[in-house]
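Values in this text are rule-based calculations from the coordinates and carry no lab data. Computed from a prediction, not measured in an experiment: that's the story for all the values here. Cβ: placed from backbone, ideal geometry, glycine included. Neighbour counts: every protein chain shown.
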Amino acid sequence: MSGPTVAIWKFASCDGCQLTVLDCEDELLAIAAALDIRMFLEAGPAQMLDHYDISLVEGSITTAHDVERIRDVRARSGLLITLGACATAGGIQALRNTADIDACRSNVYARPEWLDTLATSTPIAAHVQVDHELRGCPIAKTELLATITALLAQRRMPISAYSVCVECKLAGNPCVLVAHGTACLGPVTHAGCAALCPSLGRGCFGCFGPSESVNLDGLRSAFGEIDVSDDVLVHLLRTFNTEAPEFSEASNRYRAAGPEGTTRRDP
């Protein structure tokens, strides 16, 4: 008996999360045998069905056509799972949300009038119901495999309800923030990457978005103790998950709190 029918869809993104599926390497044949993958343009299948048991969606919504497409995908899908920062928080392209979109188009494209785009980049959940989210830029192979395993076993899909700091402790890493005075978003970032950057002596860049219990004001105070400015903190918050509500609210507030009489420039 064949497994559940699966579609993997792309919206505005770099394809990195889809490539993570292909990067499963040793597990890829087992995944292909367990799942009936009918739509995955990155890998070849392109069979449009009226219904898929599971849809995996990468990318953000940036055009009116995207809005129509994601509603159609939702109507065709049993479970809809979003993959990565673009699909869960709008991605890096959400930096446009607080910018002049017409100026951006004119600066980047020779014929901006040919473009048909929205002024914002928004997550999938802003438009349709999402059943589960896999975070990251890109998603983690381990979390993808754990989710697929849970779906096949009809178990609850796994959620890591703690921050990157826990992963650092599990890995035996010294705290780069405390020990080395390195700016790090680990205390406010959702786990899932196995503390990749801190394990290499670098600060966390927040690829997996806000953790469940975010204390950004506390992190700001810790940054102040090691002479890291608000400008640096705002820059870190305005990257992969710039439009995640917790990161967006804090970055706007800290940017507005600049010294009186100065003019801040978006990082």
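Numbers for the structure displayed
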quantity: Segment 5-153, relative contact order [Cα under 8 Å, separation at least 6], %; calculated: 28 percent
quantity: Rel. contact order, % - alpha carbon contacts under 8 angstrom, at least six apart, segment 164-256; calculated: 24 percent
quantity: For peptides 228-234, 104-110, sequence by mean Cβ density within 10 Å, most packed first; calculated: 228-234, 104-110
quantity: Distant alpha-carbon pairs in segment 164-256 (separation over 18 angstrom), percent; calculated: 37 percent
quantity: Per-q log10 I(q)/I(0), segment 159-198, q = 0.22 Å⁻¹ (Debye; single scatterer per alpha-carbon; no solvent); calculated: -0.60
quantity: Length-normalised contact order of the chain in % [C-alpha pairs under 8 Å, at least 6 apart]; calculated: 16 percent
quantity: Theoretical FRET efficiency, 1/(1+(r/R0)^6), r = Cβ-Cβ of Ala75 and Ala194, R0 22 Å, to 0.05; calculated: 0.05
quantity: Positive-end extreme of charge dipole, the chain - chosen from Val130, Ala30, Asn215 (charges on Cβ); calculated: Asn215
